[in-house]
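The values are calculated or read from the model by the stated rules, or taken from the named source; none is laboratory data. If you're wondering where the values come from, they're calculated on a predicted model, not measured in any experiment. Because the Cβ atoms are built from the backbone with ideal geometry, glycine has one as well, and the counts that use them run over all protein chains shown.
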Amino acid sequence: MSSGEVGVLQQADELAELLTGLIKPEVGLVEERLHRLQTIREIFNEEEWLTAEMLNSLQPNPPSNKSLPASDWKRRGRIFSVSFGGREYFPLYEFDAAYQPLPVIRDLLAAFGPVADTWKIASWFHYPTGWIAEPGPEGTGVKPTAPKDALDRRDDLLKALAKRKESYVA
């Protein structure tokens with residue numbers, strides 16, 4: 001059996017234990033996990049994503065190892081990835097027009113520090129925050145901006161990330 005098949009069997013066993021009542025999770029935990037999955041689906045459906053193989057094929061001289069250069073960039077803290085449906089994906093906004101990592105991503109990932117769940121990073125980039133704002137329509141003041149839409153504003157992004165780390169809200 002492959003490791004993927006073993007993982008699926010383990011998940012099926014855990015689900016069976018839940019359904020048969022052998023495990024009784026707290027309702028709050030189940031609700032939190034459902035909200036997390038809804039958020040992940042929303043982010044995944046609203047962004048453009050690349051696999052390591054796609055990034056490989058978009059390089060001028062693609063390495064023979066299809067996981068390169070993505071795995072190298074990720075290891076060096078130049079980009080991040082998320083897991084969805086058992087596959088690894090990289091958000092398109094991390095790259096320039098030549099599919100090279102944007103330097104600001106490295107700076108932001110360093111400021112984030114270690115993160116166990118990279119979907120937290122993806123959600124920070126995805127959702128608008130009042131700490132990064134731009135003028136709204138005339139007479140409406142300012143409108144919150146998603147960090148992914150302000151990647152040319154390095155200092156504003158770093159300040160917003162610092163504020164996020166000091167508070168309980170995004």
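Number of residues in region 83-140 that are out of contact with any Leu (no Cβ under 9 Å at 6 or more places or on another chain) and aromatic (Phe, Trp, Tyr): the value is 3. Within region 82-102, residues that are more than 14 Å from GLU46 (Cα to Cα) sit with their Cβ atoms under 7 Å from residues that are surrounded by 12 or more Cβ atoms within 10 Å (Cβ to Cβ) and of a type in the set (Asp, Glu), at 6+ positions apart or across chains, in these pairs: PRO101/GLU94; LEU102/GLU94. Taking helices (runs of 4 or more DSSP H) as the structural unit, those lying wholly within region 50-148 and holding at least 2 residues that are over 30 Å from VAL8 (Cβ atoms) and charged (D, E, K, R) correspond to 103-112. Of the residues that make up region 20-28, is at least one small (Gly, Ala, Ser), in contact with a strand residue (DSSP E or B) (Cβ under 7 Å, 6 or more places away or on another chain) and free of Cβ contacts under 8 Å to residues at least 60 places away in the same chain? Looking through region 20-28, none of the residues is small (Gly, Ala, Ser), in contact with a strand residue (DSSP E or B) (Cβ under 7 Å, 6 or more places away or on another chain) and free of Cβ contacts under 8 Å to residues at least 60 places away in the same chain.
State yes or no: is ARG76 surrounded by fewer than 17 Cβ atoms within 10 Å (Cβ to Cβ), out of contact with any helix residue (DSSP H, G or I) (no Cβ under 7 Å at 6 or more places or on another chain), modelled with pLDDT under 95 and closer than 30 Å to ARG153 by Cβ? When the stated conditions are applied, ARG76 does not pass them. The listed residues are ARG78, ARG41, and the only one of them that is touching a Lys or Arg at 6+ places or on another chain (Cβ under 6 Å), closer than 25 Å to LEU108 by Cβ and not β-branched (Val, Ile, Thr) turns out to be ARG78.
If a residue must be at pLDDT 95 or above and loosely packed, with under 12 Cβ neighbours inside 10 Å, how many such residues does region 121-156 contain? Adding up the residues that qualify gives 2.
Is it true that GLY21 is assigned to a helix (DSSP H, G or I), among the small types (Gly, Ala, Ser) and modelled with pLDDT under 90? So GLY21 does not fit the description; no.
Confirm whether THR51 is in contact with an Asp or Glu (Cβ under 8 Å, 6 or more places away or on another chain) and not hydrophobic (A, V, I, L, M, F, W, C). When the stated conditions are applied, THR51 passes them. So, in region 104-141, exactly how many residues are in contact with a Pro (Cβ under 7 Å, 6 or more places away or on another chain) and hydrophobic (A, V, I, L, M, F, W, C)? Final tally of qualifying residues: 5.
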